[in-house]
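See below for the structure under consideration.
The values are calculated or read from the model by the stated rules, or taken from the named source; none is laboratory data. Not measured: the values here are computed from a predicted model. So basically every Cβ, Gly included, is an ideal-geometry build from the backbone, and we count neighbours across all protein chains shown.
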Amino acid sequence: MDKWKGRRLHFIGIGGAGMSGLALVCQQLGAAVTGSDRSDSSYMERLRAAGLEPAVGHDAANLPEGAEVVVSTAIAADNPELALARERGIEPIHRGELLAELCAEKRLIAIAGTHGKTTTTAMAVWALRSAGADPAFFVGGEVPGLGPAGEAVNAGWGEGEWVVAEADESDGSFLRLQPEVAVITNVEMDHHAHWGSLAKLHAAFAEFAAKASTAVLPADGSLDALAGETEVVGFDAERPGLHDLHLAVPGRHNRANARAALAAIGATGIDPELAPAHALAEFPGVRRRLELKGRRDESRIYDDYAHHPTEVRAALSALRELEPERLVAVFQPHLYSRTKALAVQFGAALALADEAVVLDVYPAREQPVGELAGVSGLAVAEAAADRMGGRRVAWIPTAAAAERYLASRLGAPGEVMVTLGAGDVFRLGEALVEGSGS
């Protein structure tokens with residue numbers, strides 16, 4: 001690992017879930033790490049706590065002399081730091097390339113899939129630790145209990161022989177990984193702008209699975225065609241394992257995630273008795289995955305990263321297991337391309353709630369121009385209204401207006417509200433909790 005000492009790495013977009021984890025591990029291995037992001041975040045706070053000083057805002061002056069530059073797909077070509085790097089003749093390293101370089105240091109369990117990969121990755125790390133292993137890990141979200149003194153972290157470099165990594169299909173970068181165990185939780189179209197067709201996405205997942213000695217797939221056989229000649233181990237959402245499965249996190253989708261994590265550990269050759277299912281009874285979940293933010297009077301307020309119709313449906317179905325008197329869903333669509341392609345499906349998923357509030361699109365890296373001109377959250381609200389049989393649907397484009405609307409409607413015993421989306425909608429829930437004095 002001496003090769004990391006003496007390396008100077010500058011991360012453009014260091015505050016992202018994946019990039020911040022890479023930065024922390026590279027620092028842990030001895031590299032000199034700097035970086036910047038356009039805004040502050042909890043990940044930036046985590047970096048500062050580790051002794052890094054990330055810059056808020058992008059500026060060419062942030063780029064140190066002699067530094068390698070790490071970027072994600074979200075970084076635009078006209079970014080001033082990236083532009084300066086190229087003027088210096090420095091070819092940027094994609095985050096997926098750096099992740100692959102780190103994961104090549106150990107035996108790799110790579111966990112992919114359209115939905116559930118973050119939670120499944122975190123569960124696998126949690127269960128491996130319960131078996132006495134000390135894996136390295138890269139998770140696309142903060143997991144309470146995995147850091148020193150129980151802190152929430154998204155990455156770490158353990159001393160064990162295994163590394164567990166979330167494998168991101170959104171930009172195809174997961175194909176850089178060389179897993180020994182490849183987990184595919186499920187496959188659906190999500191990142192339309194990159195893949196274009198389900199056939200291309202299936203081909204990419206088949207290439208991913210072909211790299212591994214063992215592929216962990218749903219036990220119903222629905223994805224077996226992706227495995228080719230690779231040995232397949234199946235996992236089932238409901239079938240009992242060595243022990244009854246009791247989780248602190250609700251939902252059939254989380255039971256499936258747990259089965260996938262345990263199947264992956266079994267595929268490593270580690271005695272599954274050393275990491276039994278009951279180890280996950282203490283798993284606290286991942287932040288922004290059905291995370292309880294607090295209360296507003298007697299109403300419980302949750303937050304979930306769900307940004308695909310299947311994920312919205314899974315989150316609302318899981319909250320129904322809590323038997324709320326009234327379930328209010330507040331949804332912020334993420335990306336114009338996804339909203340255009342899936343507005344009707346989003347509306348159908350939101351119909352699982354008793355009341356829906358729809359905000360405008362969180363654009364992330366997209367602009368509403370060209371074929372995306374005119375796309376807005378209104379299409380989702382209209383689709384929800386068509387499916388909700390007269391139950392209330394509110395189209396409120398801004399978070400500030402939605403907060404005022406919800407503040408007067410929440411507070412009853414047995415009531416549950418959940419903010420849904422991959423943007424900044426979670427701040428709305430936090431504001432409602434803080435405004436109640438809870």
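Are any residues in region 17-57 assigned to a loop (DSSP other than H, G, I, E, B) and surrounded by fewer than 20 Cβ atoms within 10 Å (Cβ to Cβ), and if so, which ones? Steps first, please.
As a first pass, look at region 17-57 and keep what is assigned to a loop (DSSP other than H, G, I, E, B): 29-31, 38-41, 50-54, 57.
Listed by number, the residues that qualify are Leu29, Gly30, Ala31, Arg38, Ser39, Asp40, Ser41, Ala50, Gly51, Leu52, Glu53, Gly57.
Taking the stated definitions as given, is Ser317 under 30 Å from Ala182 (Cα atoms) and more than 18 Å from the chain's Cα centre (by Cα)? The answer is yes for Ser317.
If a residue has to be out of contact with any helix residue (DSSP H, G or I) (no Cβ under 9 Å at 6 or more places or on another chain) and not polar (S, T, N, Q) to count, how many in region 401-420 make the cut? Spell out how you get there, then give the answer.
Of the residues in region 401-420, the ones out of contact with any helix residue (DSSP H, G or I) (no Cβ under 9 Å at 6 or more places or on another chain) are 401, 404-405, 408-409, 412-415.
When the remaining residues are screened for being not polar (S, T, N, Q), the result is 401, 404-405, 409, 412-415.
Counting residues in region 401-420 that are out of contact with any helix residue (DSSP H, G or I) (no Cβ under 9 Å at 6 or more places or on another chain) and not polar (S, T, N, Q) gives 8.
Checking the condition over 18 Å from the mean Cα position of the chain (by Cα), under 23 Å from Ala264 (Cβ atoms) and among the hydrophobic types (A, V, I, L, M, F, W, C), which residue from Leu82, Leu47, Leu102 passes?
Working: Leu82 fails: under 23 Å from Ala264 (Cβ atoms); Leu47 fails: under 23 Å from Ala264 (Cβ atoms).
Leu102 is the lone residue from the list that is over 18 Å from the mean Cα position of the chain (by Cα), under 23 Å from Ala264 (Cβ atoms) and among the hydrophobic types (A, V, I, L, M, F, W, C).
Leu322 falls short on exactly one of the conditions (1) surrounded by 18 or more Cβ atoms within 10 Å (Cβ to Cβ); (2) in contact with a Lys or Arg (Cβ under 9 Å, 6 or more places away or on another chain); (3) not acidic (Asp, Glu), and that condition is (1).
Those residues that are among the aliphatic types (A, V, I, L, M), surrounded by fewer than 19 Cβ atoms within 10 Å (Cβ to Cβ) and either without any contact (Cβ under 8 Å) to a residue 60 or more places away in the chain or part of a loop (DSSP other than H, G, I, E, B) (or both), I need them from region 176-203; list them, please. Even if it seems obvious, please write down each step before you answer.
First, the residues of region 176-203 that are among the aliphatic types (A, V, I, L, M): 177, 181-184, 187, 189, 193, 198-199, 201, 203.
Still in the running and surrounded by fewer than 19 Cβ atoms within 10 Å (Cβ to Cβ): 189, 193, 198-199, 203.
Across region 176-203, the qualifying residues are Met189, Leu198, Ala199, Ala203.
Among the residues of region 127-142, those identified as at pLDDT below 95 and either farther than 12 Å from Trp162 by Cβ or surrounded by fewer than 21 Cβ atoms within 10 Å (Cβ to Cβ) (or both) are Arg129, Ser130, Ala131, Gly132, Ala133, Asp134, Gly140, Gly141, Glu142.
Within region 66-123, being in contact with a helix residue (DSSP H, G or I) (Cβ under 6 Å, 6 or more places away or on another chain), of a type in the set (Gly, Ala, Ser) and not in a strand (DSSP E or B) holds for Ser72, Gly96, Ala100, Gly116. Can you find a residue that is within 24 Å of the chain's Cα centre (by Cα) and assigned by TED's automatic domain parsing to the domain that holds Val330 anywhere in region 378-386? Taking every residue of region 378-386 in turn, at least one turns out to be within 24 Å of the chain's Cα centre (by Cα) and assigned by TED's automatic domain parsing to the domain that holds Val330. Looking only at region 1-12, filter to residues that are at pLDDT 95 or above and within 24 Å of Glu166 (Cα to Cα); which one of those is surrounded by the fewest Cβ atoms within 10 Å (Cβ to Cβ)? Among those that are at pLDDT 95 or above and within 24 Å of Glu166 (Cα to Cα), it is Leu9. Within region 143-152, the residues that satisfy the criterion of being in contact (Cβ under 8 Å) with a residue 24 or more places away in the chain and either surrounded by fewer than 22 Cβ atoms within 10 Å (Cβ to Cβ) or assigned to a loop (DSSP other than H, G, I, E, B) (or both) are Pro144, Gly145, Leu146, Ala152.
Taken across region 70-88, residues that are buried (at least 22 other Cβ atoms within 10 Å of the Cβ), farther than 22 Å from Ser170 by Cα and not hydrophobic (A, V, I, L, M, F, W, C) do occur, with at least one present. Only residues that are closer than 30 Å to Leu319 by Cα and surrounded by fewer than 20 Cβ atoms within 10 Å (Cβ to Cβ) were counted in region 361-377, giving 3.
Return a yes/no flag: does region 264-271 have any residue that is surrounded by 24 or more Cβ atoms within 10 Å (Cβ to Cβ), more than 23 Å from Leu146 (Cβ to Cβ) and touching a strand residue (DSSP E or B) at 6+ places or on another chain (Cβ under 8 Å). Explain how you work it out, then say what you get.
Pass one, region 264-271, residues surrounded by 24 or more Cβ atoms within 10 Å (Cβ to Cβ): 264-265.
Pick out the ones that are also more than 23 Å from Leu146 (Cβ to Cβ) and you get none.
Within region 264-271, not a single residue is surrounded by 24 or more Cβ atoms within 10 Å (Cβ to Cβ), more than 23 Å from Leu146 (Cβ to Cβ) and touching a strand residue (DSSP E or B) at 6+ places or on another chain (Cβ under 8 Å).
Can you confirm whether Ala104 is modelled with pLDDT of 95 or more, closer than 21 Å to Gly21 by Cα, surrounded by fewer than 21 Cβ atoms within 10 Å (Cβ to Cβ) and not acidic (Asp, Glu)? Give the derivation first.
On the way: modelled with pLDDT of 95 or more: yes; closer than 21 Å to Gly21 by Cα: yes; surrounded by fewer than 21 Cβ atoms within 10 Å (Cβ to Cβ): yes; not acidic (Asp, Glu): yes.
Yes: the conditions hold for Ala104.
For region 378-427, the set of residues classified as free of Cβ contacts under 8 Å to residues at least 60 places away in the same chain, surrounded by 19 or more Cβ atoms within 10 Å (Cβ to Cβ) and under 19 Å from Ala314 (Cβ atoms) consists of Val380, Ala383, Ala384, Met388, listed by residue number.
Assess whether Ala112 counts as being under 30 Å from Ala210 (Cβ atoms) and in the same structural domain as Leu128 (by TED's automatic domain parsing). Step through it out loud before you land on a result.
Values: under 30 Å from Ala210 (Cβ atoms): yes; in the same structural domain as Leu128 (by TED's automatic domain parsing): yes.
Answer is yes for this residue.
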